[in-house]
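Q: One structure, as structure tokens, below. Some questions next.
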């Protein structure tokens, strides 16, 4: 029955990718509408009822705009960089569990594309590769502003990657597994946010910095760097950077739910619905913070990462270990 398993895998991949792209498109619409309300304006309201067709109009615009490569740019790296950002963000969802399993035609179908026993390490590996897209995009453009944005982005993502990883060590200690499915199963009695609030806060702050969201959007600070590391990009290549950011918001919301909020667990509603609700709520909080807080200075950003989050995460690991031994 290997053919049945292969078809099921293709269907799961198609559903996950289709869902991610659809949610990413309308997450842009939701963000623009929420920011408009916070700033006492209307937001998109021309393309369709309430502007609901705006994501489709934006997609058509990006697909039909001229794709320009600067004459002095490193052409190969310039063309590859946006794909690295988008693809690494999409591939992370391969290990995110959306539920337990389904029984179809006598075959058990797990609701995860691939349940790796080192799923957490897989996520961090792809997250680290995403840094290359930002750094190469800034460097290959042969523009001073883009290069500064790329350097900022690489330094920021590497710095907060440490805090992000350390914040999850207590979760692994409690679940005794690197598998995301096993981590959710370990929260059958209570979500880990109840016993690891410090890890939850550190992870959320570091996740926002990883996705380069305000107040951590120094790599593309408009008033300093124009558009930052993707300043020279146009058309759909700029769209891939944009897509990567919003898919990254979804993956970080999903990981927040999996590691701290019980994953797909919840009463009455189907598991997939519960995970989606938790993922979207995390993304909406990021939008709310964007509309509320000002951008940090670069020295403040580094101080928070190295002098606050990393020491707090290390202390939390020691305390968690002491309680487990006790």
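Q: Only one of 238, 260 is out of contact with any strand residue (DSSP E or B) (no Cβ under 8 Å at 6 or more places or on another chain), buried (at least 24 other Cβ atoms within 10 Å of the Cβ) and either under 30 Å from residue 153 (Cα atoms) or in contact (Cβ under 8 Å) with a residue 60 or more places away in the chain (or both). Can you tell me which? It would help to see each step written out before you state the result.
A: Details: 238 fails: buried (at least 24 other Cβ atoms within 10 Å of the Cβ).
Within the list 238, 260, the selection yields 260.
Q: Would you mind stating whether residue 13 is in contact (Cβ under 8 Å) with a residue 12 or more places away in the chain, surrounded by fewer than 16 Cβ atoms within 10 Å (Cβ to Cβ) and in a helix (DSSP H, G or I)?
A: yes
Q: Moving on. Select from the stretch 289-313 the residues that are part of a helix (DSSP H, G or I), surrounded by fewer than 14 Cβ atoms within 10 Å (Cβ to Cβ) and in contact (Cβ under 8 Å) with a residue 40 or more places away in the chain and list them in ascending order.
A: Once the filter is applied, which keeps residues that are part of a helix (DSSP H, G or I), surrounded by fewer than 14 Cβ atoms within 10 Å (Cβ to Cβ) and in contact (Cβ under 8 Å) with a residue 40 or more places away in the chain, the stretch 289-313 yields nothing.
Q: Looking at (1) part of a helix (DSSP H, G or I); (2) crowded, with 19+ Cβ neighbours inside 10 Å, which one does residue 98 not meet, given that it meets all the others?
A: Every listed condition holds for residue 98 apart from (1).
Q: In addition: For residues that are surrounded by 17 or more Cβ atoms within 10 Å (Cβ to Cβ) and either closer than 13 Å to residue 283 by Cβ or in contact with a strand residue (DSSP E or B) (Cβ under 9 Å, 6 or more places away or on another chain) (or both), tally how many sit in the stretch 31-48.
A: The total comes to 1.
Q: Anything in the stretch 103-117 that is in contact with a helix residue (DSSP H, G or I) (Cβ under 9 Å, 6 or more places away or on another chain) and either surrounded by fewer than 16 Cβ atoms within 10 Å (Cβ to Cβ) or under 21 Å from residue 259 (Cα atoms) (or both)? List them, or say none. Steps first, please.
A: Looking only at the stretch 103-117, we keep the residues that are in contact with a helix residue (DSSP H, G or I) (Cβ under 9 Å, 6 or more places away or on another chain), and these are 104-105, 107, 109-117.
Answer for the stretch 103-117, where residues must be in contact with a helix residue (DSSP H, G or I) (Cβ under 9 Å, 6 or more places away or on another chain) and either surrounded by fewer than 16 Cβ atoms within 10 Å (Cβ to Cβ) or under 21 Å from residue 259 (Cα atoms) (or both): 104, 105, 107, 110, 111, 112, 113, 114, 115, 116, 117.
Since every read-out is calculated from the coordinates, none of them should be taken as a lab result. Keep in mind the model is a prediction, meaning the values are calculated, not measured. Heads up, the Cβs are rebuilt from the backbone with ideal geometry, glycines too, and the neighbour counts pull from every protein chain shown.
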